[in-house]
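See below for the structure under consideration.
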Amino acid sequence: MDEPHDDQDFRQPVEPHHVTAVRHLLGSHEPSPRTVAEGRARLLAEVTATATVSGLEPARRRRHGRRGRRVGIGLSLAAAAAVAVLVPMGLSGGGTSVAPRTGTSVHATAELTARQVLLAAAVAVEKAPASGDYWRIAMVDRSTLTDPTRSYVIETKQSREEWLTERPGLQSWRVRQYLGARPATPRDEEEWRAAGAPTSWRYPEDMKKEQFAAPPPGESLEAAAGERIAERLRGRWRGTAGDLIWDSITWQEARAIPGDPGKLRTYLEQYVRRQVGHPGSGIDVEKEMPQLLRAVCMQMITNLPVSPEARASAYRILASLPGIRAEGEITDPLGRRGQALVYREEAEPGLFTEIRFVVDPGTGLPLAEMRTNVVKGADGRPVEIPSSTSYQAIGWTDERPEPPARRD
């Protein structure tokens, strides 16, 4: 009698055109014999890790019968990962720079599933540097708001950079710069010109701005960019490695996050229950666990200085969760090409936020998170408010920050 299996997708055969698509995605160089041998070993490890994440026992723990059937389980899930191992790849800038890739076509990658993209990213990100003098994150935030008369929409941008370290004698920094504001679309630009093409906007004290990222009442929004401003991190910030959900974690806690997929999932589920499972939170933790796991995995991938193995396992957990679909290759707000993975979050009953997570599977590095928030306008109708965070650098570096003279 055949053994039962929970995930029907694991039993699907590997289609040759899927493997071809992933090979186009990651490059066309022929691997060396050593790489092939290493890739075969990694493939077996991928099958085991995938089975663990999905609640299936690793093959080595099962009965000795039906060996051929057991090895076949999970091959469709691990196909992208296997090809990623077999194709040589590199991380630019020691793993800290998120650079655009060339030679990737929509046609070549259109048939990739979300699972294939995530597993390819998992294998690639394991090659990232595991330590350095600084954990560096650099990003550009884009948001939109209405002008004070609500006649047109304005787009604002701001850059943020964090240089975090626990090394004695080194200083942690946060650097930010307001990059200016402009009409969001050509139609908004027409309305802006009709209004006299203002170079600043002052928002009245009584303006209702709860639906928009407007400045504080009574303050002005400037069209021109501002100076770079540096903030020396002191006190509790000095010993902080980042945030997980709403709580800051220490460097020691970040290092303790497990790299094994099964252990990581157990760790994150327990962490989520501690953080939001208390009475009065208003959250049904067990019902919302897939969404909560997705959120903490995204934080690990885009922010925390965890081990490459832990970041790779976060991708593998994402690959096992429902509600994520592939949209193919798109261009992010900084003009880079990457694979888009789409999912939704319910902001409030009946109103959803759609998120496009853009990733480069060849490096495992995230490129951007593009959000479309749906809010209720003044007349009660749904209004779409786009925003995005584009990642310019994520990872360890031995470079030194060059903070500007202006300090906060």
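The values are calculated or read from the model by the stated rules, or taken from the named source; none is laboratory data. None of these values were measured; they are calculated from a predicted model. Neighbour counts run over all protein chains shown; Cβ positions are idealised from the backbone, glycine included. Side chains are part of the model used for accessible areas, which takes the heavy atoms of the whole protein and leaves out ligands, DNA and RNA. Shrake-Rupley method; radii C 1.70, N 1.55, O 1.52, S 1.80 Å.
Which one of these is assigned to a loop (DSSP other than H, G, I, E, B), open to solvent by 40 Å² or more (accessible area, probe 1.4 Å), at pLDDT 90 or above and more than 30 Å from Val306 (Cα to Cα): Gly196, Gly226?
Checking each option against the conditions leaves just Gly196.
I'm trying to understand the selection: among the residues of the stretch 149-187, which are of a type in the set (Phe, Trp, Tyr) and over 16 Å from Ala393 (Cβ atoms)?
Once the filter is applied, which keeps residues that are of a type in the set (Phe, Trp, Tyr) and over 16 Å from Ala393 (Cβ atoms), the stretch 149-187 yields Tyr152, Tyr178.
Has the stretch 271-283 got any residue that is open to solvent by less than 10 Å² (accessible area, probe 1.4 Å) and modelled with pLDDT of 95 or more?
No, that holds for no residue.
Just to be sure before I move on: is Arg406 farther than 21 Å from Ser143 by Cβ, basic (Lys, Arg) and surrounded by 20 or more Cβ atoms within 10 Å (Cβ to Cβ) in the structure I sent?
no
Based on what the data block shows, is Gly242 at pLDDT 65 or above, in a loop (DSSP other than H, G, I, E, B) and either open to solvent by less than 60 Å² (accessible area, probe 1.4 Å) or in contact with a strand residue (DSSP E or B) (Cβ under 8 Å, 6 or more places away or on another chain) (or both)?
No; evaluated as a whole, the condition is false for this residue.
Is it fair to say Ala368 is under 14 Å from the mean Cα position of the chain (by Cα), of a type in the set (Gly, Ala, Ser) and closer than 17 Å to Ser387 by Cα?
In short, yes.
Residues that are open to solvent by less than 30 Å² (accessible area, probe 1.4 Å), among the aliphatic types (A, V, I, L, M) and at pLDDT 90 or above: does the stretch 94-115 have at least one?
yes
From the list Val306, Val342, Val296, pick out the single residue that is in a helix (DSSP H, G or I) and open to solvent by less than 10 Å² (accessible area, probe 1.4 Å).
Being in a helix (DSSP H, G or I) and open to solvent by less than 10 Å² (accessible area, probe 1.4 Å) holds for just one of Val306, Val342, Val296, which is Val296.
Can you tell me which condition Glu348 does not meet? The list is (1) more than 15 Å from Arg265 (Cβ to Cβ); (2) acidic (Asp, Glu); (3) at pLDDT 95 or above, and all the others hold.
Tallying (1) more than 15 Å from Arg265 (Cβ to Cβ); (2) acidic (Asp, Glu); (3) at pLDDT 95 or above, Glu348 fails exactly one: (3).
Kindly indicate the residue of the stretch 151-173 that is in contact (Cβ under 8 Å) with a residue 12 or more places away in the chain and open to solvent by 60 Å² or more (accessible area, probe 1.4 Å) and also farthest from the chain's Cα centre (by Cα) among those meeting that condition.
If we take residues in the stretch 151-173 being in contact (Cβ under 8 Å) with a residue 12 or more places away in the chain and open to solvent by 60 Å² or more (accessible area, probe 1.4 Å), then Ser151 is farthest from the chain's Cα centre (by Cα).
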